[in-house]
Amino acid sequence: MAIEDDVLVVGGGVAGMTAALAAADEGASVRLVTKKQSTLRHASGLVDVLGYAPDGKLLADPFDALTDLPADHPYALVGAEAIRAGLERFDAVAGELYRGGHTEKNALLPTHGGTVKPTARYPASAAAGLASDDRDALLVGFETLTDFDAPLAAEHLEAAGVPFDARGATVSFPGEPRADAKVTRYAHALDEDADGERGRLAARVARVHDGEPRVGFPAVLGQEHPADVRAALEADLDADVFEVPMGPPSLPGIRLEYAFRAALDDAGVHTVRRPVVDYETDGEGRLSAAVVERNGQHIPHYADSFVLATGGLVGKGLDSDREAVREPVFDCHVPQPEDRYDWFRDEAFGEQPYARFGVDVGDDLRPRDEDGRIEFENLRAAGSVIGGYDFATECSGTGVSLATGDAAGAAAGADTQ
Amino acid sequence: MSDAESPSDDFEPIEVFPDEETPDLRPGADDCYKCSTCDTNCPVAEVDDDFPGPKFQGPEQWRLKRKEDASVDDSISKCSNCMRCDSACPSDVGLSQMHNTARAEYVEEELSKTSLTYWRNRILANYRTSAFLASKVPRIANFAMNFGPARWAMEKTLGVTSEREFPEFATETFREWWERQGGADGSRERAREARERRGEDVDADKRVAYFHGCYANYNTPEVAKSLVRVFEHFGYELVVPEQRCSGTPMFANGMLDDAERHAEVNVSSMGDLIEQGYDAIASCTSCSMALRQEYPELFDIDGIEDVAENTWEALEYLRVQEDLSGELAGAEVEDEHLASLAYHAPCHARNQGLDGQALELFDDLAGVDAEDVGDSCSGISGTYGWKEEKYETSMKIGEEMFDHMEDAEGEVGMTECPTCAMQMEHGTGYEIRHPLEVVAAALT
């Protein structure tokens, strides 16, 4: 009777999917409930661990700086081995899609805005674009894809001090798509190559190509067959081809979403795409069910152990109004200054307190109430719903999700076995 | 504007406090931050570069419309109402609600009421009326509807594609069969017997009201009969209340007035039963979608929230109320026809969080191997794929599903949606079954 599993994970981002896989590895039956489609379509596809130290210094090796982090930082709570375990799980999911696993050191990747970003793993499609590589690069944009202005990005890259000459050029994409064509149209046209789009694009690029040994494109080079698309362009241009990660909707993010979904299917994890709006307890400090809203209907999903991985302010794992910031699913305590004018600083790029808002967890990742007592014995948190770190400033978003997701999921799974 | 400033004189709040009749679309438009994720999920925009996609049809068009001389763009009629954008949006924008409202406004203000397109759409949207008439003379209708010269004429004059074969009308409708089984009284008898057999309280309060929809009544009564058998097996007494079209084809054609008229009948008859303690169940996922989501989003009818909150998809109901998974795990299907099934999850099932349900239920069912054919849209979207000018788009969208069906083992398909089933059959020649038929084969 009823919908019942060993472990219920709430949240379908990297933290939730990682937690679900880790719990399934422990032998638990796992269900993942996600409010909407995974937010991976919003992710650049770069997998950061720690790009900047607390003093703002660019880090060559994220593991060198772990001891400098404040004691309530998620990394300080779970430790270096948990980060390594999270990355190992990621590598198993991403397989050939990703690079960077050969070293613990950060790689430097160009972004579509022309900045350079330190990251631990990057799509194989972006590999030839490394900013530490001293070969000159031509960046190519498409007239109808306004999110990537190649000449401007090239200028910014040079201003950032990259050790190579960067030049930008704009071409029209074969088939002349509409002015606001969605990114997947470019990707699918190149995947299918029905009207020879790969060759026609290469021919247009060849006209502006001046022998640069590598050529960068906005990250729309295929959804299903990115390696084939790149290989075809490389053969025609006689140069290495790379993708520059883009904003949403992001093809590297979509490819990663599919890789995670395949891994979840293999692990026997069932996924439900509806929001959790309430919970039930056994009256003795344990959660018994998460109540899933299904178009009006409220349906309890029972489990022995739960993982909260609903994301932060962006993913809507945290909700706020003028009165307070809340964790809306299990109503866990979110530490915050009482006066909302203390939530932020006036300097836009100042150290913003709100960026660190989130549930308060101990080293077992169990959320705690305002008196430091565990909220629910069988609830753990993972990813950016956890407070105590500013992922945007320190470039640690995916790394924290992997490390805490893996740790919370494994612990939740082990509890039920 | 910061909360410290007071609004200037030329600031005009728009529909923040709407009248009771019109849904307030302002919050949806404000919540959209233009991430375009919906556009990458739109099956129509995927194959038709001229279609501006859900972000434009929803929040952007709503904003443009604030200007007095702006009318709804005719591209709205290309939206197939698959509602995939709803579950894609990370920001809870009610995209399908905005599309339904814009489409209704377009039909009301831009489409000539004497045009053939209007009447073609109206006839397609009011499928129930045609089906009702045809069911009086099913054999003649089956012949006449697929009679070559007549179909040629229908395409030329009305724009109903002649590529598709009209679905067959059953020689006995489900409701006729239901009456022959003794109606509600017969069901009560059988349910009591089942409860006794199951060792349950014979007087247990297990009562459901079945919303069968038009298709299961006129075309595929075997789906409705399976539902009856399965629910009675679990000891439920059924009633089959008076009902009209759920409204799905009317929303998709911008005929909101027609839809509301039908909704009033449905809400009234289902609502009365819910008040008496019945739960409402549906076997068609577009019908359940309409009752659960579109009704409260679009209409203001007394009791509509109660109906929405107490309507269930049939298998979901049994999954939650009974040990359906357990019983299926202990059962076996001997019908070789059902041994390998290529399952397609309808868009409207996906949006109710039901896309994994059938496969999960049949995981441990001996004698059945169900395989997912991927997450693409079937492309027919009810009446959409029946329109001569949309047929090609519809088939292009369906291509991915057809390919995956061909790759799957076995040559029988499975889905919850009657028009998806039509498209699956049209694209592959497979026979298509409903999950309820499989459950009935396993348990009854």
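The values are calculated or read from the model by the stated rules, or taken from the named source; none is laboratory data. Every value quoted in this text rests on a predicted model; they were computed, and no experiment measured them. All Cβ positions, even for glycine, are placed from backbone atoms using ideal geometry, and neighbour counts span all protein chains on display. These area figures cover heavy atoms from the full protein model, side chains too; ligands, DNA and RNA do not enter into them. Shrake-Rupley method; radii C 1.70, N 1.55, O 1.52, S 1.80 Å.
Just the residues that are in contact with a strand residue (DSSP E or B) (Cβ under 7 Å, 6 or more places away or on another chain) and open to solvent by 30 Å² or more (accessible area, probe 1.4 Å), please, taken from the stretch A:60-76.
Once the filter is applied, which keeps residues that are in contact with a strand residue (DSSP E or B) (Cβ under 7 Å, 6 or more places away or on another chain) and open to solvent by 30 Å² or more (accessible area, probe 1.4 Å), the stretch A:60-76 yields nothing.
Listed here are the residues, each with its yes/no results for (1) modelled with pLDDT of 95 or more; (2) more than 14 Å from chain A (Cβ to nearest Cβ); (3) touching a helix residue (DSSP H, G or I) at 6+ places or on another chain (Cβ under 6 Å).
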| site | (1), (2), (3) |
| --- | --- |
| B:Gly271 | yes, no, yes |
| B:Cys287 | yes, no, yes |
| B:Ser340 | yes, yes, no |
| B:Asp355 | no, no, yes |
- prompt: If you take the residues of the stretch A:131-164 that are in a helix (DSSP H, G or I) and small (Gly, Ala, Ser), which of them is surrounded by the most Cβ atoms within 10 Å (Cβ to Cβ)?
  reply: A:Ala150
- request: Run B:Ser340 past the list (1) among the polar types (S, T, N, Q); (2) in contact with a strand residue (DSSP E or B) (Cβ under 9 Å, 6 or more places away or on another chain); (3) within 22 Å of B:Thr248 (Cβ to Cβ) and report the number of the one that doesn't hold.
  value: (3)
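Restricting attention to the stretch A:236-247, does a residue exist that is within 14 Å of chain B (Cβ to nearest Cβ) and either closer than 17 Å to A:Leu109 by Cβ or open to solvent by 10 Å² or more (accessible area, probe 1.4 Å) (or both)? Let's see the steps before the verdict.
Filtering the stretch A:236-247 for residues within 14 Å of chain B (Cβ to nearest Cβ) gives A:246-247.
Add one more test, that the residue is either closer than 17 Å to A:Leu109 by Cβ or open to solvent by 10 Å² or more (accessible area, probe 1.4 Å) (or both), and what stays is A:246-247.
Yes, the conditions are met somewhere in the stretch A:236-247.
Restricting to the stretch A:18-36, what's the tally of residues that are open to solvent by less than 30 Å² (accessible area, probe 1.4 Å) and either facing chain B (nearest Cβ under 10 Å) or within 12 Å of A:Leu264 (Cβ to Cβ) (or both)?
Here is the first cut: in the stretch A:18-36, the residues open to solvent by less than 30 Å² (accessible area, probe 1.4 Å) are A:18-24, A:28, A:30-34.
Adding the requirement that they be either facing chain B (nearest Cβ under 10 Å) or within 12 Å of A:Leu264 (Cβ to Cβ) (or both) leaves A:18-24, A:30-34.
Of the residues in that region, 12 qualify.
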field: Filter result for A:Val49 (part of a loop (DSSP other than H, G, I, E, B) and either among the aliphatic types (A, V, I, L, M) or under 16 Å from the mean Cα position of the chain (by Cα) (or both))
entry: yes
field: Number of the condition not met by B:Pro52 [criteria: (1) within 12 Å of chain A (Cβ to nearest Cβ); (2) in contact with a Gly (Cβ under 9 Å, 6 or more places away or on another chain)]
entry: (2)
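One line per residue, one yes/no per condition, for (1) touching a helix residue (DSSP H, G or I) at 6+ places or on another chain (Cβ under 9 Å); (2) assigned by the TED database to the domain that holds B:Arg122; (3) open to solvent by 20 Å² or more (accessible area, probe 1.4 Å):
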| residue | (1), (2), (3) |
| --- | --- |
| B:Arg192 | no, no, yes |
| B:Asp205 | no, no, yes |
| B:Tyr210 | yes, no, no |
| B:Thr220 | yes, no, yes |
| B:Ser226 | yes, no, no |
| B:Val239 | yes, no, yes |
- request: Tally the residues that are over 17 Å from A:Ala303 (Cα atoms) and among the acidic types (Asp, Glu), restricting the search to the stretch A:370-384.
  value: 2
task: Could you list all residues from the stretch A:344-367 that are open to solvent by 30 Å² or more (accessible area, probe 1.4 Å) and assigned to a loop (DSSP other than H, G, I, E, B)?
output: A:Phe344, A:Arg345, A:Asp346, A:Glu347, A:Ala348, A:Phe349, A:Glu351, A:Asp360, A:Asp363, A:Asp364, A:Arg366
Unique residue being within 11 Å of another protein chain (Cβ to nearest Cβ), under 15 Å from B:Thr248 (Cβ atoms), in contact (Cβ under 8 Å) with a residue 24 or more places away in the chain and open to solvent by less than 10 Å² (accessible area, probe 1.4 Å) when the list is B:Leu291, B:Leu324: B:Leu291
statement: Listed by first then second residue, the pairs whose first member lies in the stretch A:179-193 and is aromatic (Phe, Trp, Tyr), whose partner is not in a loop (DSSP other than H, G, I, E, B), with beta carbons under 9 Å and at least 6 positions apart or on separate chains, are A:Tyr186/A:Phe142; A:Tyr186/A:Glu197; A:Tyr186/A:Pro218; A:Tyr186/A:Leu251
task: Please go through the stretch A:248-268 and pick out each residue that is open to solvent by less than 10 Å² (accessible area, probe 1.4 Å) and among the hydrophobic types (A, V, I, L, M, F, W, C).
output: A:Leu251, A:Ile254, A:Leu256, A:Phe260, A:Leu264
message: If the requirement is being out of contact with any strand residue (DSSP E or B) (no Cβ under 6 Å at 6 or more places or on another chain) and either closer than 30 Å to A:Ala414 by Cα or modelled with pLDDT of 95 or more (or both), which of these qualifies: A:Glu375, A:Glu351, A:Glu370, A:Glu323?
response: A:Glu370
field: The one condition in (1) within 14 Å of chain B (Cβ to nearest Cβ); (2) in contact (Cβ under 8 Å) with a residue 24 or more places away in the chain; (3) open to solvent by 40 Å² or more (accessible area, probe 1.4 Å); (4) more than 27 Å from the chain's Cα centre (by Cα) that A:Leu313 fails to fulfil
entry: (4)
message: Among the residues that make up the stretch A:17-24, is at least one of them under 15 Å from the mean Cα position of the chain (by Cα) and within 23 Å of A:Met246 (Cβ to Cβ)?
response: yes
query: So which of A:Arg198, A:Arg167 is without any contact (Cβ under 8 Å) to a residue 40 or more places away in the chain, surrounded by 15 or more Cβ atoms within 10 Å (Cβ to Cβ) and basic (Lys, Arg)?
result: A:Arg198
message: Among the numbered criteria (1) within 25 Å of the chain's Cα centre (by Cα); (2) within 14 Å of chain B (Cβ to nearest Cβ); (3) within 30 Å of B:Ile304 (Cα to Cα), which one does A:Ala289 miss?
response: (1)
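Residues of the stretch B:383-401 being buried (at least 22 other Cβ atoms within 10 Å of the Cβ) and part of a helix (DSSP H, G or I), which ones? Spell out the reasoning first.
Start the filter on the stretch B:383-401 by keeping residues that are buried (at least 22 other Cβ atoms within 10 Å of the Cβ), which leaves B:383-386, B:390, B:393-394, B:397-398, B:401.
Correct list: B:Tyr384, B:Gly385, B:Trp386, B:Thr393, B:Ser394, B:Ile397, B:Gly398, B:Met401.
Does B:Ala314 satisfy the condition of being closer than 22 Å to B:Phe234 by Cβ, open to solvent by less than 10 Å² (accessible area, probe 1.4 Å) and in the same structural domain as B:Phe231 (by the TED database)?
Values: closer than 22 Å to B:Phe234 by Cβ: yes; open to solvent by less than 10 Å² (accessible area, probe 1.4 Å): yes; in the same structural domain as B:Phe231 (by the TED database): yes.
Judged against the criteria, B:Ala314 is a match.
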Sole residue being closer than 21 Å to A:Ser44 by Cα, touching a strand residue (DSSP E or B) at 6+ places or on another chain (Cβ under 8 Å) and not assigned by the TED database to the domain that holds A:Cys395, chosen from A:Ala137, A:Ala181, A:Ala166: A:Ala137
- request: Output yes when any residue across the stretch A:177-191 is open to solvent by 60 Å² or more (accessible area, probe 1.4 Å) and more than 27 Å from the chain's Cα centre (by Cα), and no when none is.
  value: yes
